[in-house]
Structures are given as structure tokens and as C-alpha cells.
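Structure, as C-alpha cells:
The values are calculated or read from the model by the stated rules, or taken from the named source; none is laboratory data. If you're wondering where the values come from, they're calculated on a predicted model, not measured in any experiment. Note that each Cβ is placed from the backbone with ideal geometry, even for glycine, and that neighbours are counted across all protein chains shown.
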Amino acid sequence: MWSQTGTIEGVVTFNKKKEPYVNVYLSGTNVGTATNEDGRFELTNIPEGSYTLIVSSLGFKVQKKRVTVDEGTSYTFDFQLEADNNNLEEVVISGTMKPVSKLESTVPVEVYSKSFFKKNPTPSVFESLQNVNGVRPQLNCNVCNTGDIHINGLEGPYTFVLIDGMPIVSGLSTVYGLTGIPQSLIERVEIVKGPASTLYGSEAVGGIINIITKKPSSAPETAVESFVSSWGEANVDLGLRYALGDKIQGLLGVNYFNFQNKIDNNNDGFTDLTLQNRISVFNKLNFDRKNNKVFTVAGRYVYEDRWGGDMRWNSRFRGGDEIYGESIYTSRWETFGTYQLPLEENINFQFSANGHIQNSFYGTDSYNADQYIGFGQFTWNKPIGERHDLLVGAAYRYTYYDDNTFATAASDGITNNASITHLPGLFVQDEIRLADQHKLLLGARYDYNSIHGTIFSPRLNYKWNSKDKSDALRFSAGNGFRVANVFTEDHAALTGAREVEFQGELQPETSWNANINYVKKITTPNNVFIGIDASAFYTYFDNRILPDYETDPNKIIYANLDGKSISQGVSVNTDIVWQNGFKVIAGATLMDVSVTENGERRRQLLTESFSGVWSVSYVFKNIGLSVDYTGNVYGPMRLPLLSDTDPRDAYSPWFSVQNIQLTKKMSRNWELYGGVKNLLNFTPAANSIARAFDPFDKEVTFDQNGQAVATPNNPNALTFDPSYVYASNQGIRGFLGVRYTVF
């Protein structure tokens, strides 16, 4: 029998004005909503009992009220928000797999709300991270413009991308699965820098990016956003909330992106920006259950057709050696969810599955690959007394991968041998409250890889905060591991004229990491809020897998490093908010990422030693106009040259990409925005693609060892190579967009 229920309603205000989009929920339950345009909220079907009512929103102090609900009774509670722009009270889940306020989390977690990404709208999550300090979307190919996400100098395969806490983007999708997540459905993005393998397993070596989608109960009824650019890009995001009866709430999202305009501003004969046609459909269902137990299921399907290459290319040249092009068809499905068992204990079953099919040609080289991943995990959260909070989990991951390269060939070199990996694991963590201001987290994970054997990952985190919670100090140390699959993760292994070579059997990479984080919040006498978040990090690898572009200009050689690799540095984030509507968010990272082998130390390729980001915003409240100025700056990176005679620069220049946007609120439902991207019109050197005029090396002379030799028409002994890339060729452009929202 269902319990009798009650209702809670009320109004949320700030400075005597009604505040929309404020989160209102009952702690520890699935009952929650957001205030409407008039600042009103209503929570219905609340079973009898005592609860803690939480009211929270970015930039405001969290308010809590203890309430007791009787059957058939309606309660009214009004709340007046207090400004608190340090953001320390945000609720995060990525650090410990449990909802906890950002201040209380023993693991440093950075949180970026949907409003942050609106300051520089982009058609994909991949591009939107360009203004996050210490995180860099890295392009890996000058031709098809695919890329990955670097965290603190560690390359894309070390970054684990989650959707609602589930491992969705990995393996084959590391390169091609980062696009097509409808931004209208994103509630926030949580970022943990440093190994998280103890909780999340393989691939979480550099850090995790957890994309949290909106709850159907708090999402707008309708949300439409569309923009176009002067280059010819068109992007549409659609979000719809719906109900299937009284017990099921749904959220549907559709993203469509199209760019079909061939542009060659650097006159190298190749497209400056890859042509793309992509559609993504996302659906999420929440089920109302007895005692507010959680049951949510979501799914996404993505199809993309992209190509880049010679301006004369079209589909009839696909796979031929007449006109060079890189053409990739991607078809991908995903499903994931959480089911809370109907028990008194807090036990969750989380699951995900995805399939990724790629049909592609890189010039004449065919790459067809299928990947299927299934994941299931039970977690049990058990507080023990007042000091211990225990989390125990058991996980299993199945990976099937097959392609048409020698990576899945049998020992005879002819028979195909698809790769199947089983990865069961157990993990445990105990969050110990040592005292009111001190917390210690101890964790460990044991995995058994069916190919590579046992892997053990320990973890330690410590947090101290001042009595008034204006200061917080965190220390973390842990181990990370990763099993590499070169062809699924490194686009350079497929493109261009280089041959791929493996030296020995690649063993799992292991790393050790330490991180110190300090957070300070300051309120000045004139109510200016200042938040400072500083970190120092150190990661050590002793068997890292790195692509070697330099030993042989015609090869990419992969092997476990016979030496060490170190990533170390410091980063600082700060946000300053004035009561008049002026806000500054800025950050900088200084790092040194090096590789030492055979006694020789060198900087890692395609890794900057300095980066900075900023966002400067001002709101003219009387006319409903906001201005956002965003940008980033990068120091020089060491670039992959073909030989000592390669005329291209060995290091990239200092460069900065800056943007400005104006947003005008036209009415309650309509918003118009527009601006200019890449204000300084920065683009890389026109000769970034070596011998773009001869992509099949038809006019290159090779010696008996397969090395290019100097000739009158090739004096520098070069071959075609598009891997010399560090920034987009897309120059300055204008954009104009509109948002329509019904609450």
C-alpha cells in the first residue's frame, strides 16, 4: 500500500524579487523541483515523515529547513536567498559517488553550471570546455578535425568522460563520441583532476568529466536553442519535458548540427573546417516509486557524417587515390540508468551499455570498427556511527572490439581475432570524520583484467576546513591504471602516410599522483565576493605508452616507456562578483610535462607549459542585457616534425582565442544572443599540413629503407603529414542565436 501524502509549496525571493530556476528538494529522496518564472515551487505526493527541505542555487547560500509531513496536509514555506558566490555549497557526486556539498567533499571537484557554457555557446561539449582552466580540447588532425580532451597536460585517453556518473565515452568513442550531447539538457559539468581509478576503474588516470543531465521534474517544459555562424554553421538544440501517466516523467532532447561550406582561407588546398552533418537524440525517464526510491533510465543515439580534405573531394572519391579525403560515418547508441533496490539499506544498481560503429576512409586506408561495452555496478552506502561513511561496490565491464587492422589480426596475420575483455572489480571506501574540521577518506579497488591480470588501486584523501568554512585544504594521493587500445584512442595511428609499429606487447600503464588543493572565500566590506581555488599536482608514470613520431618520420612507434614520464604543475582559479552585476572568472595553469628515456629528458609533444582562461561578464539589469567576454591563451607547444630538415616551426607560437557575446532578454520566454568568435582571427601557419599538394606521396622518392630522400621538387625530404596540429584553422566569425523556454 502507498503511504498517504502531503504537499509543500512556497516562493523563493532575493532582494525582494522573485527568483526563478532555484532547486528545491527533500534531502535523501527523489522529490525535487525548480522554481518557475514567478519564483514559486510545489512538491507533491510526499509520503508521511520527517525531511530536510533544501533550497539551493549557484551564487546563493544553501538554505535548509526541517519539516514533518502529515497525510493530506499542505505546507507553505517562503525563502529569502542570501548571496554567496563562492559556490562552495554546490552539491557534487563525482568525487565520492555520493551526493555531498562541494565544501564537505574530501575530493576537490570543480563545478561548471549551464550558465557558464552559455557565455560562449558551441555545438558540442568538446568545444565548450575550451574555457575551463587546465582542460584543453586538443585537435589531433588537420583534415578531419577530431580531437580529445587533455587535463593537466595528460592526453585524451587518460580522461574519463561520464554521463550521469556512467562510463559512456571511452575506447573507440574517445575520438568520435564527444559530440552530439544536447546542451539544452545539461544541468552542470563536474571535473575531477587526477586519478579516480579507485572508484571509476580503467581510463580515469588523468581525471574525470561528469556531464550531469537535468532531472525531468525540474527541467523546462520546452527549451529550444538555435544559432548560426557567418561560416555557415547551423546548430539546433531541443528539450521537451513530458509525462507518461502519473508515475513516469520524461525528458527528450534532440541536437542537430550541420556545416557544409567548403572554406580554404589558408590556401593549402584543404578544407579549414571539416564538413559535418550530425543528429543526436536523447531520452531520459524517471519513475516514481514507493518511498521515493530512485529508478531512472536514459538513452542516446548519434549519427554523424563528416569529411575533410582536398577542396575538390566528394563522396565518389571515397577510398580512392585520386583526390584525398578523410570520410567518417559514425553510428552510436547508448543506454544507462540507476535502480535503487527496494530495501531499507541504500543499495543502488547502476548500468550502462553502448555500441559504436565506425565506417571510415583516411585517403585509401580503410578503418572499419565495431565496439560494444556493457557495464553493471552495485554500490552499498552504509553510515556506521557518527564518524564512518562506508561505500562498497562491485562492478563488471565487458568490452568487445573488432576492426580491420592488424590490431585484431591473429598470429597468422590473416585471420580476424576480435578482442573481448572481461573486467570484474571490487572497491571500498571509508570516509572518516576525524573531528568537526577534519575528514579522511581511504579507498582501494581490485580489478581483474582477463588479458592483463590483477590491478590494484589504493587511494587517500584528507580535508581540513576552518570553523567558519571560509578556508578548505585538501590533500589527495592515489594510483591510476589504463589498458591502452591505440587504434580506438589515437587518431594519428590512422591518418596520413605513416606506418604504425608496435614494439613488444603493450602492458597496462600505471601512475601515481599527489595533489594539494586550497580554497579560500572572501567577502569584502562592500559585499564583493572573491573565491580562490589553487592546486599543485604531480603525476608519475613508469611504463607509459607514448607515440614516437621522431625515431622514424615514416612511422608511429608505440611501446611502453623504458624510463619515466612526469606531469607536474600548479593552477589557480578565481572568481570575483560585485553586487552591481559585474563578474570575473579567471584561471591559469603552469605545468611541466616531460618524458625521460635513455637518460634524455624532453618535453612531451603537443603540450603547453602555460595556459590561461577568463570570462568577464556584466549584466545591465534595467534593460535586460548581458555582456560576456571569454577567452584563453596558450604558451608554446613542441610539435611533431618529420625530420631535422622539416621547415615548419618546432614550437607553436603563443596564441589566444577570444570571444564576445551580447544577450538580450526579450520577454519571459524569449532570449536573443549574438557576437563574434576568435576576435583576433588567430589561425595556425598555412604550411601545417606537410605536402598538402601530394597527399598520396606520388611525387616522393624513397630509399631502400623506406625513407624519403631530398629531390628538386622535395628538397626537405618530406611526406604528407596532417598530425602537425595544435589549434583550429577556423578564423574570426560572427554568430547569432535565439533561445525559447517554457517553464
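Brief remarks follow.
- Check on residue 454, in a strand (DSSP E or B) and closer than 24 Å to residue 366 by Cβ: no
- Segment 699-712, residues that are outside any strand (DSSP E or B) and touching a residue at least 12 places away in the same chain (Cβ under 8 Å): 699, 700, 701, 706, 707, 710
- Hits in segment 566-584 (condition: buried (at least 20 other Cβ atoms within 10 Å of the Cβ) and at pLDDT below 90): 577
- Residue check, residue 702 modelled with pLDDT under 90, more than 30 Å from residue 149 (Cβ to Cβ) and of a type outside the set (S, T, N, Q): no
- Residue match in segment 677-697 (condition: crowded, with 17+ Cβ neighbours inside 10 Å, in the same structural domain as residue 639 (by TED's automatic domain parsing), outside any loop (DSSP other than H, G, I, E, B) and not small (Gly, Ala, Ser)): yes
- Scanning segment 698-729 for residues that are surrounded by 20 or more Cβ atoms within 10 Å (Cβ to Cβ) and of a type outside the set (Val, Ile, Thr) gives 708, 717, 718, 720, 721, 722, 723, 724, 726, 728, 729.
- If you go through segment 241-256 and pick out every residue that is of a type outside the set (Val, Ile, Thr) and surrounded by fewer than 20 Cβ atoms within 10 Å (Cβ to Cβ), you end up with 9.
- So residue 477, is it at pLDDT 90 or above, closer than 18 Å to residue 207 by Cβ, surrounded by fewer than 17 Cβ atoms within 10 Å (Cβ to Cβ) and of a type outside the set (Val, Ile, Thr): no
- In segment 271-282, the residues that are closer than 14 Å to residue 123 by Cα form Cβ pairs under 6 Å with partners that are assigned to a loop (DSSP other than H, G, I, E, B) and hydrophobic (A, V, I, L, M, F, W, C), at six or more places apart or across chains, as follows: 274/144.
- Filtered residues of segment 63-91 (kept if surrounded by 19 or more Cβ atoms within 10 Å (Cβ to Cβ) and at pLDDT 75 or above): 63, 69, 79, 81
- Top-ranked residue of segment 167-203 - restricted to ones that are within 29 Å of residue 223 (Cβ to Cβ) and at pLDDT 80 or above, ranked as surrounded by the fewest Cβ atoms within 10 Å (Cβ to Cβ): 187
- Qualifying residue in segment 647-654 (condition: part of a strand (DSSP E or B) and either outside the structural domain of residue 717 (by TED's automatic domain parsing) or without any contact (Cβ under 8 Å) to a residue 40 or more places away in the chain (or both)): yes
- Options 434, 460, 494: the member that is aliphatic (A, V, I, L, M), modelled with pLDDT of 90 or more and under 29 Å from the mean Cα position of the chain (by Cα): 460
- Pick from segment 638-676, criterion surrounded by 20 or more Cβ atoms within 10 Å (Cβ to Cβ) and under 30 Å from residue 716 (Cα atoms), ranking: farthest from the chain's Cα centre (by Cα): 642
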